[in-house]
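Before any comments, here is the structure.
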Amino acid sequence: MDGFVPPPYPYDRLDELRAVADRFDGGCVDLSVGAPSDPSPAEVVAALSASGAERGYPASVGSPAYREAALAWLARRFGIDTSASAVAACVGTKEFVASLPHYLRLRDPSRDTVLYPAISYPTYAMGAELAGCRAVPVPVDGQWRLNLDAVDAEDAARALCLWVNTPGNPAGGLEDLAAVSQWGRDRRVPVFSDECYIEFTWGAESGASILHHGSQGVMAVHSLSKRSNMAGLRAGFYAGDPDLVGYLSEVRKHAGMMIPGPVQTAAIAAFSDDAHAEAQRLIYATRLNRLRELFSAYDAEVALPGGGLYLWVACPEGDGWVLARRVAEEMGALASPGEFYGSSGRGHIRVAAVSPDVRIDLLEQRMATRRGDTVGK
């Protein structure tokens, strides 16, 4: 009997291009994965090493102090007031995204469909596949926002959930969360809003959350991976509809989903400080502008995103793999072909503004040399 065969992990497919970029003096400059390269705040590291919380089993839902710190951050930064019963911890957010469809289908076996943006982080679709569900992409408009009018009524009737990601990965779109939340309520489809880039909403002091439009039938999912450079510690939370939070926190307790105690202590320190997040915001804004200048050599119209850490660069050849190879060969950088984020993204590449500034210096030097060589010819 044939069973599930995991597809190749998208970023593992870049090994050949990485080898091409590595031929440059100084090696490959990796702009493919959105992995932070800047240090975590010193107080986070200190809290991690001195917590004394490694001895006992941590609460799956998160310690009271952890949840209070998350709630205080929501209130302070975004004016969102919710209760401790409406928030729970998760081990980063990728595991939450990947496991959610399985848990939702256990609750309602009559539904079997996960709706997600057609251009998006691949784990939304993979979570559906791992749960034996239908993964149905929702088309996006010219601003990379969900076109909910295109959702088939039968798909909506079968939907376990709708995922929305704003600011969006990879294209940086900003969603109309009032309209999205109302669409879900009208159809009794829970809406899960992945808001891990909310602190990096460009052109605004702070971002929008789906929780600004009430909590009924919706959930906001947050992570410290990008905000506080804590991707290796795996700390996040979900907040919203108390009924959904209660159900998910109970089933996740049985699955042993627990943030380690020392990590919870470190996360409390991160949630409690906004200065480091603002400093990181300025760093990413600068890097995006520098990379935009570099990649305008390939796409003269490349725009800064509405939010997030990525440039979404159109390919003159219409094939992201072709442009990703050119970038590796001509500047020694590694970018992600757009097909990683959905078949309709194959005409783009994604460029992550996470590499250290000294590595971007290297790209600028390489391209300046290349321009000189071209002029000399």
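Taking springs between alpha-carbon atoms closer than 10 angstrom, which of His254, His212, His348 fluctuates most in the Gaussian network model of the chain?
His254
Listed highest first by mean packing, meaning other Cβ atoms within 10 Å per residue, what order do 19-27, 354-362 come in?
Highest to lowest by the protection proxy: 354-362, 19-27.
Roughly what % antiparallel, to the nearest 5, for the DSSP beta bridges in the chain?
50 percent
Applying the Karplus parametrisation 6.51 cos²θ - 1.76 cosθ + 1.60 with θ = phi - 60° to the phi angles of the stretch 178-194, what ³J(HN,Hα) value in whole Hz is obtained for each residue in order, glycine and proline being reported as x?
Computed from phi, the couplings for the stretch 178-194 are 5, 5, 5, 5, 5, 4, x, 5, 4, 10, 6, 10, x, 10, 10, 9, 7 Hz.
Calculate for the chain the 222 nm mean residue ellipticity that helices alone would give, adding -39,500 (n - 2.57) per DSSP H run of length 4 or more and normalising by residue count, nearest 500 deg cm²/dmol.
One gets -12000 deg cm²/dmol as the mean residue ellipticity at 222 nm.
Take the alpha-carbon centre of the stretch 339-372, take the same for the stretch 143-207, and report the distance between them in whole Å.
Each part reduced to its Cα centre gives a spacing of 27 Å.
If the only charges are +1 at each Lys and Arg Cβ and -1 at each Asp and Glu Cβ, what is the size of the charge dipole of the stretch 306-346 around the Cα centre, to the nearest 20 debye?
Here the stretch 306-346 has a charge dipole of around 80 debye.
In nm, to one decimal, how far is the Gln216 label point from the Ser83 one, both placed 7 Å along Cα→Cβ?
1.6 nm
Can you classify the stretch 135-181 as rounded, prolate or oblate using the Cα gyration tensor, where a ≥ b ≥ c are the square roots of its eigenvalues, rounded means a/c under 1.5, and otherwise it's prolate if a/b beats b/c and oblate if not?
prolate
Among Arg158, Arg326, Arg55, which one shows the highest mean-square fluctuation when the chain is modelled as a Gaussian network with alpha-carbon springs under 10 Å?
Ranking Arg158, Arg326, Arg55 by mean-square fluctuation puts Arg55 first.
Compute the Kirkwood hydrodynamic radius of the chain, taking the inverse of the mean of 1/r over all pairs of distinct Cα atoms, and give it in Å to one decimal.
In the chain this quantity evaluates to 21.5 Å.
Under 16 Å from a label point 7 Å along Cα→Cβ of Tyr247: give me every residue in the stretch 109-138 with its amide N that close.
Counting backbone N atoms under 16 Å from the label point, the list is 109-115.
Just Ala297, Ala267, Ala118 to compare: in a GNM of the chain, with alpha carbon springs under 10 Å, which one fluctuates most?
Sorting by GNM fluctuation, first place goes to Ala297.
What FRET efficiency would be calculated for the residue pair Glu43, Tyr9, taking the C-beta separation as r and a Förster radius of 25 Å, to the nearest 0.05?
FRET efficiency, Glu43 to Tyr9: 0.15.
Could you work out how far the C-alpha centroid of the stretch 1-75 sits from that of the stretch 272-335, in angstrom?
If we compute the Cα centre of each part, the gap is 20 Å.
Among rounded, prolate and oblate, which fits the stretch 1-83 when a ≥ b ≥ c are the square roots of the eigenvalues of its C-alpha gyration tensor, a/c under 1.5 means rounded, and a/b larger than b/c means prolate?
It is prolate, given that a/c is not under 1.5 and a/b is the larger ratio.
Would you mind working out the accessible area per residue for the chain, using a 1.4 Å probe, and quoting it in Å²?
It amounts to 42 Å² per residue over the chain.
Points 7 angstrom from Cα along the Cβ direction at Asp361 and Asn289: gap in nanometres?
1.9 nm
Just the number, please: carbon plus sulfur as a percent of the accessible area of the chain, 1.4 Å probe, no ligands or DNA/RNA counted.
Percent of accessible area from carbon and sulfur atoms in the chain: 53.
Are there GluC sites (Glu not before Pro) in the stretch 233-315 that DSSP puts in a loop and that have at most 11 other Cβ atoms within 10 Å, and which ones?
Those satisfying the criteria are Glu301.
Explain nothing, just the number: dipole magnitude of the chain about its Cα centre with +1 on each Lys and Arg Cβ and -1 on each Asp and Glu Cβ, in debye rounded to the nearest 20.
Computed about the Cα centre, the dipole is about 360 debye.
When a/c reaches 1.5 or more, the comparison of a/b and b/c decides; with that in mind, is the stretch 147-285 rounded, prolate or oblate per its Cα gyration tensor?
The shape class here is oblate.
Glu195: net charge of surrounding residues, Cβ under 12 Å, Lys/Arg +1, Asp/Glu -1, itself excluded?
0
The values are calculated or read from the model by the stated rules, or taken from the named source; none is laboratory data. These numbers come from a predicted model, not from an experiment. With ideal geometry, Cβ positions are generated from the backbone for all residues, glycine too; neighbour counts draw on all protein chains shown. Quick note on the areas: whole protein, heavy atoms, side chains included, nothing else; ligands and nucleic acids left out. Shrake-Rupley method; radii C 1.70, N 1.55, O 1.52, S 1.80 Å.
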